[in-house]
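Presented below is the structure to which this report refers.
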Amino acid sequence: MTQETKSPVRQVDNCRVCGGTDWQQVVSFGPLPLANSFLEPGSPDEEPRFPLGVMSCRDCRLMTLTHTVDPEVLYRTYYYVTSDSQTISQHMRYVADLCIERFALTEGSFVVEMGSNTGQQLAAFQDSGMRTLGVDPARSLAAVANERGVETLPDFFAADTARRIVKEYGRAQLILGRHVFAHIDDVAEIAVGVRELLEPSGVFAVEVPYALDMLERNEFDTVYHEHLSYYAVDTFATLFERHGLRVVDVERVAVHGGSVIVFVSRDDAPWEPRPVVAELRQLERESGLFEDSTYEEFARRVDHIRDTLPPLVRGLVADGKRVAGYGAPAKGSTMVGVCGLDAKDLEFCLDTTDLKQGRLQPGSRVPVHSPEQAAQNPPDYYLLFAWNYTNEILAKERAFLENGGRFIVPVPEPRIVSLADLDG
Ligand code: TMP
Ligand code: ZN
C-alpha cells in the first residue's frame, strides 16, 4: 500500500474491562453521524457516518459500542458545554458536599477532575475552600475554565498526566470523573493513573449513567459515539480490582436518566466498603444483568419505540399539527437517527446553547432555534429530546402547556403530556 491513511474507526475485539471476547450483540443502529457535530446550514449532503452498535461482554457484562472513533476526531474541537440547567447546578453542589462529608475532605484538600469541561464542578469545590486542578482535552473548554479561575490542563487524563500532576502539584485527596468514564477506551491506563495520583487514603469518584437504569427505562438514546461503555457496579468492581483499587461506596442519583456515583479507593486504604456496594451487585444479578434475555428484551423494547414514535409524530403532522424538538442534546441525534425523523417531521429544535443555535441537528438537519425564536411561533407539540430534565422543563414551560401545548416524552415509551397530566 502506498498511501495509507489511518482509519478513525476501530472495531472492538477484547473487552476493555476484563479482556474477554465472548460478546452478545445487543443493538445495531447502523452508520450514524457524530451526535454533537451540529452542521452549518448549507453543509454538504454527506456527513461522515460511523457504525453505532452495542454489545455486552458475557464475562463481566460491560456494555460497549461495537466500534470506537478516534478521540482526536471526537474531542479536539468539541462543542459540548456542561449544562447550566438548574438540575445540574444543584447536582454539582450535591456531589461536592457528598464527597466532602463521606470522605472527610477539609479546606485545602487537593481535588483533580478529569474531563472537567468549563470548570463548573470544580468551582463548587473551590467554594468549599479546596485546591483544584482540571484536566480536559478540549482546548477551547480548558481556556474557558482557566479564565474563570479554575486551573485546567488542556490534556487527556492518562498515566503520564497523573505522574506530572504528582510532581508539580502533589497527590490528590479526591479525583473526580463525572460523565467522562464512559468516554474512555483504555480504562486500564486511567486506573493506573488514578492509583498513582491518589493519596493513600484518597478517593476516586466516578459518575456514569447506570446500566441498570438505562436497560430498565429503555434509554437507548444514551448510545452515541462518545459513550463507549455502559457500566454496572459489578463491572466497575471487576475493573478496579484488577488494578489494586476497590469500590467502597455507591450513590444512585437521578441525573441523566439515572446515574451512579461509584467511589473507589486504593485496596490498602482505610475505607471499608459500605453494604450498599454488595447490595447493588446483588440487585444487578437479580435484575438479570448477567443473562442474555435481559438484553434481548431491551432490544425488543427499543424496536418498539422505533416502530411507534415516527408514526405518532407523522400522524400529528398529517393532522395539521406542528411538531418541534425540545432541546438538541446528543441523545436527540441518536433518537432522530434511529427513528429516521427529519426536517419534514420536526420544524425546529429549541435549544438554549448558543453554539448550537443557527446550526442543524446532525443527521436530521432540523434547524436549532433559540428559545426566544421558538416562543414567537410555538408548535403544538414538543418532542422532548432533553427528557432527563423533564421536571425542570415542564415547570418552565407552564405557559406553553396552559395554551394547549403538549409534550411527547419518548422514553421509557412514547407518551403525550398535557397540562391535565401535570395537575391531575
Ligand atoms: P444534556 O442532557 O447533555 O445536558 O443536554 C441537554 C440539552 O438540552 C442542551 O443542549 C441544552 C438543552 N436544554 C434546553 O434547551 N432547555 C432546557 O431547559 C434544558 C434543561 C436543556
Ligand atoms: Zn468483560
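Worth pointing out:
- Qualifying residue in the range 44-63 (condition: β-branched (Val, Ile, Thr) and away from ligand 2 (no atom under 16 Å from the Cβ)): no
Quick grid of which residues meet (1) surrounded by 13 or more Cβ atoms within 10 Å (Cβ to Cβ); (2) away from ligand 1 (no atom under 16 Å from the Cβ):
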| site | (1), (2) |
| --- | --- |
| Gly288 | yes, yes |
| Ser293 | no, yes |
| Ala299 | yes, yes |
| Ile305 | yes, yes |
| Leu309 | yes, yes |
| Val313 | yes, yes |
| Val317 | yes, yes |
| Lys321 | yes, yes |
| Gly325 | yes, no |
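- Test: residue in the range 261-282 that is under 25 Å from Leu32 (Cα atoms), touching a helix residue (DSSP H, G or I) at 6+ places or on another chain (Cβ under 9 Å) and not in a strand (DSSP E or B): no
- Matching entry among Pro44, Pro71, Pro51 (being more than 16 Å from ligand 1 (Cβ to nearest atom), modelled with pLDDT under 90, surrounded by fewer than 19 Cβ atoms within 10 Å (Cβ to Cβ) and under 19 Å from the mean Cα position of the chain (by Cα)): Pro71
- Scanning the range 87-146 for residues that are touching a helix residue (DSSP H, G or I) at 6+ places or on another chain (Cβ under 9 Å) and basic (Lys, Arg), we see that the one that is farthest from ligand 1 (Cβ to nearest atom) is Arg131.
- Scanning the range 369-424 for residues that are in a strand (DSSP E or B) and exposed (fewer than 14 other Cβ atoms within 10 Å of the Cβ) returns Arg415, Ile416.
- Scan of the range 249-261 for residues that are closer than 18 Å to Ile175 by Cβ and within 15 Å of the chain's Cα centre (by Cα), ordered by number: Ser259, Val260, Ile261
- Within the range 24-41, restricting attention to residues that are within 16 Å of ligand 2 (Cβ to nearest atom) and surrounded by fewer than 19 Cβ atoms within 10 Å (Cβ to Cβ), the residue that is farthest from His304 (Cα to Cα) is Gln24.
- Test: residue in the range 54-67 that is within 16 Å of ligand 1 (Cβ to nearest atom), modelled with pLDDT of 90 or more and either under 18 Å from the mean Cα position of the chain (by Cα) or among the β-branched types (Val, Ile, Thr) (or both): no
- Filtering the range 327-367 to residues that are open to solvent by less than 30 Å² (accessible area, probe 1.4 Å) and hydroxyl-bearing (Ser, Thr, Tyr) leaves Ser333, Thr334, Ser364.
- Arg16 vs. criteria basic (Lys, Arg), open to solvent by less than 90 Å² (accessible area, probe 1.4 Å) and touching a Phe, Trp or Tyr at 6+ places or on another chain (Cβ under 8 Å): no
- Taking the range 333-357 as the range and being touching a strand residue (DSSP E or B) at 6+ places or on another chain (Cβ under 6 Å) and either near ligand 1 (Cβ under 9 Å from one of its atoms) or in a helix (DSSP H, G or I) (or both) as the test, the residues that pass are Gly337, Val338, Cys349, Leu350, Asp351, Lys356.
- Boolean, Ser89 is closer than 26 Å to Asn391 by Cα and among the hydroxyl-bearing types (Ser, Thr, Tyr): yes
- Checked against (1) modelled with pLDDT under 95; (2) touching a His at 6+ places or on another chain (Cβ under 6 Å); (3) not aromatic (Phe, Trp, Tyr), Asp354 passes all but condition (2).
- Any hit, the range 251-264, residues being β-branched (Val, Ile, Thr), farther than 23 Å from Ser116 by Cβ, more than 16 Å from ligand 2 (Cβ to nearest atom) and open to solvent by less than 10 Å² (accessible area, probe 1.4 Å): no
The values are calculated or read from the model by the stated rules, or taken from the named source; none is laboratory data. From a predicted model like this one, the values you see are computed outputs, not experimental measurements. Every residue, glycine as well, gets a Cβ built from its backbone with ideal geometry; the counts of neighbours run over all protein chains shown. Only protein heavy atoms, including side chains, enter the accessible area calculation; ligands, DNA and RNA are left aside. Shrake-Rupley method; radii C 1.70, N 1.55, O 1.52, S 1.80 Å.
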